[in-house]
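Beneath this line is the structure, given in structure tokens, with notes to follow.
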Amino acid sequence: MRFSAKKYIISLITFAMSLIAISASADTLNAIKEKGEVTIGVANEVPYGYTTADGKPAGEAPSIAVHVLHELGVKKVNVVVTEFGSLIPGLRAGRFDVIAAGMYVTPKRCKQVLFSNPTYSIGEGFLVKNGNPAKLHGYADVKKKSVKLGVMSGAVEYGYAKDFGIDMSKIVTLPDYPSGVAALKAGRIDALAGTSLTMATLAHKDSHVELAQPFDALVINGKSVKGYGAFGFRPGDKSLRDAFNKELSTFIGSKEHLALVKPYGFGTYTLPGDVTTAKLCK
């Protein structure tokens, strides 16, 4: 192939610009410390990351971010609201310095951004009557017992039950979650299925029902049906990511952390355990 000087020069310029971008990005931790100011990106999704009516950060991720950043000496936290699909492009373009939207860590996303270790995990859960009379702690219990499981029409739980091999005669489809709670209290179903966060929120609103605990993680075809949320950083911001991880290592699971995220429906049942981003990125 004929050598092209023009292409070679363009390649050098592109490479040099990428080095400059990485270098500039790598200084983000020092820059925000010196300025005492940082900008986080959210997708306005309750309860994960959003803004209040007066524009202040709220939700699980922003609340933790503010705590961590204050610990790092950064007192002013600005917020940029964008569509979820624009969070990674916006971060990489420099519109904000940290994604604080409870974004799930996935191998595909790991190729585009750096993630902190997860701050929460969301899997499936059951809402049951107080005391869990049928002793239902997972989809396996529904499969082997003579019980009825309620699912919301159009929700993924119907497919989960089917893929898990549960007899469809055991499944009761309901129009919405309030109808599900009513069916549970009336004895028409023995459990109502949904995400653990949604079920916990419903339990908080009605003293006659509770979240089934402990709950066996749902595994279908060898894969865990569970998501882990974390903070996102530009590829060159390893020092900032590492600083976050250091703070998170002693904060997540502490009384202060649990009190901070409780208003958003998070708690001990959403703790990520010993799962790391390194594992999730594989």
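Within the stretch 247-282, being farther than 30 Å from LYS205 by Cα, modelled with pLDDT of 95 or more and loosely packed, with under 14 Cβ neighbours inside 10 Å holds for SER249, THR250, ALA278. Any residue in the stretch 82-94 that is buried (at least 19 other Cβ atoms within 10 Å of the Cβ), under 24 Å from THR277 (Cα atoms) and touching a residue at least 24 places away in the same chain (Cβ under 8 Å)? Yes: the stretch 82-94 contains one or more residues that are buried (at least 19 other Cβ atoms within 10 Å of the Cβ), under 24 Å from THR277 (Cα atoms) and touching a residue at least 24 places away in the same chain (Cβ under 8 Å). Scanning the stretch 95-106 for residues being surrounded by fewer than 24 Cβ atoms within 10 Å (Cβ to Cβ) and either closer than 19 Å to VAL46 by Cβ or without any contact (Cβ under 8 Å) to a residue 60 or more places away in the chain (or both) gives a total of 3. Does PHE126 satisfy the criteria of being under 27 Å from the mean Cα position of the chain (by Cα) and over 25 Å from HIS208 (Cβ atoms)? For PHE126, the condition - under 27 Å from the mean Cα position of the chain (by Cα) and over 25 Å from HIS208 (Cβ atoms) - is not met.
Does the stretch 126-156 hold any residues that are in a helix (DSSP H, G or I) and either over 17 Å from ARG188 (Cβ atoms) or without any contact (Cβ under 8 Å) to a residue 24 or more places away in the chain (or both), and which are they?
TYR139, ALA140, ASP141, LYS143, LYS144, VAL156
Please specify each residue of the stretch 263-282 satisfying the condition of being outside any helix (DSSP H, G or I), over 15 Å from the mean Cα position of the chain (by Cα) and not basic (Lys, Arg). Listed by number, the list holds a single entry, ASP274. Report, by residue number, each residue of the stretch 119-156 that is crowded, with 18+ Cβ neighbours inside 10 Å and of a type in the set (Gly, Ala, Ser). Matches in the stretch 119-156: SER121, GLY123, GLY125, ALA134, GLY138, GLY150, ALA155.
Collect the residues in the stretch 180-205 that are farther than 20 Å from THR268 by Cβ and not hydrophobic (A, V, I, L, M, F, W, C), keeping them in residue-number order. GLY180, LYS185, GLY187, ARG188, ASP190 - these are the residues of the stretch 180-205 that are farther than 20 Å from THR268 by Cβ and not hydrophobic (A, V, I, L, M, F, W, C).
Checked against (1) more than 24 Å from the chain's Cα centre (by Cα); (2) assigned by TED's automatic domain parsing to the domain that holds LEU69, MET168 passes all but a single condition, namely (2). Selection of the stretch 157-172 for residues being without any contact (Cβ under 8 Å) to a residue 60 or more places away in the chain and surrounded by 15 or more Cβ atoms within 10 Å (Cβ to Cβ) yields GLU157, TYR158, ALA161, PHE164, ILE166, LYS170, ILE171, VAL172. Taken together, the residues in the stretch 173-190 that are touching a residue at least 40 places away in the same chain (Cβ under 8 Å) and either under 22 Å from GLY227 (Cα atoms) or surrounded by fewer than 19 Cβ atoms within 10 Å (Cβ to Cβ) (or both) amount to 2.
Within the stretch 48-71, identify whether any single residue is polar (S, T, N, Q), touching a residue at least 24 places away in the same chain (Cβ under 8 Å), more than 19 Å from LEU197 (Cβ to Cβ) and in the same structural domain as SER116 (by TED's automatic domain parsing), and answer yes or no. Yes, that holds for at least one residue. Of all the residues that make up the stretch 217-236, how many are surrounded by fewer than 22 Cβ atoms within 10 Å (Cβ to Cβ), under 19 Å from the mean Cα position of the chain (by Cα) and either modelled with pLDDT of 90 or more or of a type in the set (Lys, Arg) (or both)? Residues flagged as surrounded by fewer than 22 Cβ atoms within 10 Å (Cβ to Cβ), under 19 Å from the mean Cα position of the chain (by Cα) and either modelled with pLDDT of 90 or more or of a type in the set (Lys, Arg) (or both) within the stretch 217-236 amount to 4. With a requirement of 2 or more residues that are farther than 18 Å from GLY102 by Cβ and of a type outside the set (Val, Ile, Thr), the strands (runs of 3 or more DSSP E) lying completely within the stretch 167-262 that satisfy it span 191-195, 209-211.
The values are calculated or read from the model by the stated rules, or taken from the named source; none is laboratory data. All values reported here derive from a predicted model rather than from experimental measurement. Don't worry about glycine lacking a Cβ; one is built from the backbone with ideal geometry, like all the others, and counts go over all protein chains shown.
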